[in-house]
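Read through the structure below, which is laid out as structure tokens, and then see the notes.
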Amino acid sequence: MDEARPPAFRKTGNSLSPTALSTPRYFVLFNPAAGRGRGVRRKARYLKLLSVALGEFDYEVSKEPGDLERLTRQALDSDYQRIVAVGGDGTWSLVANEIINSGRTDVSLGLLPAGTGCDFGKSLGIVYRHPDKAVAALCSPDTRFIDVGRVDGRHFLNVFGCGFDIAVIDDASGFTRLKGDLLYQYCAVRQLFRFPGVEMTIDCDELRSDSGRRLMLVVANGRYFGGSFDIAPDSSLTDGYLDLVSINDASPFGRMRIFSDVGAGRHKDGEKIQMKAVKSVSIGFESPPRYELDGEVYQSEAKIITIDCVPAAIRVHSVF
């Protein structure tokens, strides 16, 4: 059933309440669940920064699963031109999907970091430790269209990943004390000695039917991945290509060397790593795989999945 068009909104302070007469230009969406509470802790600071930078804006706070998508659709229906998502990669991705699916190329996405993983923001100069710069980027009239990836009808801003990174995400979900980059780095070290590897076949124009056991496969739109890994140093958000990074399996100590090389940016010439710029790639598995898009895990229904690039799919604000 189609959602009913929401009523107009009225500003009450800087929050949304129904029955309004006018619609402000900016809509800011907070995800309090982002970063295991970072979204809540950053709310007051961002509201202060936004009030100074923007003056008038509306905001809402998601309260339950599905709210991010629903509130974004409401903002689109109410003709907001700038939708700002406060959270991490997962939050940004969910909001971006709604904007892309709406076909509204006049709407721009602003990113304010408050999540566990904010890897995509780094490709736009938006980092957690400089919230003031992220807010300042929202004030600029200059925006740019960027590419996104697509798989199983879903879009991703930063990366598609399968294999080792799924094991790390699963491992990280069991921790409550560690957070952010440190959490993922710790879990990555643990999984170096535990993860069994995955059999897969890669098929694309640049690399035909390459089968074997992989430690991990990443299809990157953004440059950074897993907290601090510069996984795709040659990536561009505007070239119409995704960067395929295939890492062959190795012994635990061989894996340590691989990730040491990745962390230091030496992996482009590694014998265990293949890197290709692709417009589309199909990956075959022995059984339907689990994969992640921007840190959110999904279960495929098919043994073969196809990832492709959607050029100039969404307008974003960036620091540079």
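A few points about this structure:
- Residue, farthest from VAL151 (Cα to Cα), within the stretch 228-271, restricted to residues that are of a type in the set (Phe, Trp, Tyr) and over 16 Å from the mean Cα position of the chain (by Cα): PHE253
- Restricting the stretch 297-308 to residues that are modelled with pLDDT of 95 or more and either of a type in the set (S, T, N, Q) or under 18 Å from ALA220 (Cβ atoms) (or both), the residue that is surrounded by the most Cβ atoms within 10 Å (Cβ to Cβ) is ILE307.
- Looking across ASP165, ASP152, ASP171, ASP203, one residue alone is under 21 Å from PRO288 (Cα atoms), surrounded by 14 or more Cβ atoms within 10 Å (Cβ to Cβ) and without any contact (Cβ under 8 Å) to a residue 40 or more places away in the chain. It is ASP171.
- Qualifying residue in the stretch 53-67 (condition: modelled with pLDDT under 95, part of a helix (DSSP H, G or I), surrounded by fewer than 23 Cβ atoms within 10 Å (Cβ to Cβ) and on the phi < 0 side of the Ramachandran plot): yes
- Strands (runs of 3 or more DSSP E) (entirely within the stretch 149-227) containing at least 1 residues that are over 22 Å from the mean Cα position of the chain (by Cα) and farther than 16 Å from ILE258 by Cβ: 198-204, 207-220
- Only one of LEU138, LEU112 that is in contact with a Gly (Cβ under 6 Å, 6 or more places away or on another chain) and either surrounded by 21 or more Cβ atoms within 10 Å (Cβ to Cβ) or not in a strand (DSSP E or B) (or both): LEU138
- Only residues that are in contact with a helix residue (DSSP H, G or I) (Cβ under 8 Å, 6 or more places away or on another chain), over 14 Å from GLY161 (Cα atoms), buried (at least 19 other Cβ atoms within 10 Å of the Cβ) and hydrophobic (A, V, I, L, M, F, W, C) were counted across the stretch 226-272, and they come to 2.
- Only a single item in (1) surrounded by 15 or more Cβ atoms within 10 Å (Cβ to Cβ); (2) in contact with a Gly (Cβ under 6 Å, 6 or more places away or on another chain); (3) not aliphatic (A, V, I, L, M) is not met by PRO311, and it is number (1).
- Of all the residues in the stretch 115-131, those that are crowded, with 22+ Cβ neighbours inside 10 Å and either in the same structural domain as GLU296 (by TED's automatic domain parsing) or in a helix (DSSP H, G or I) (or both) number 3.
The values are calculated or read from the model by the stated rules, or taken from the named source; none is laboratory data. Being a predicted model, the structure only gives us computed values, none of them experimental. All Cβ positions, even for glycine, are placed from backbone atoms using ideal geometry, and neighbour counts span all protein chains on display.
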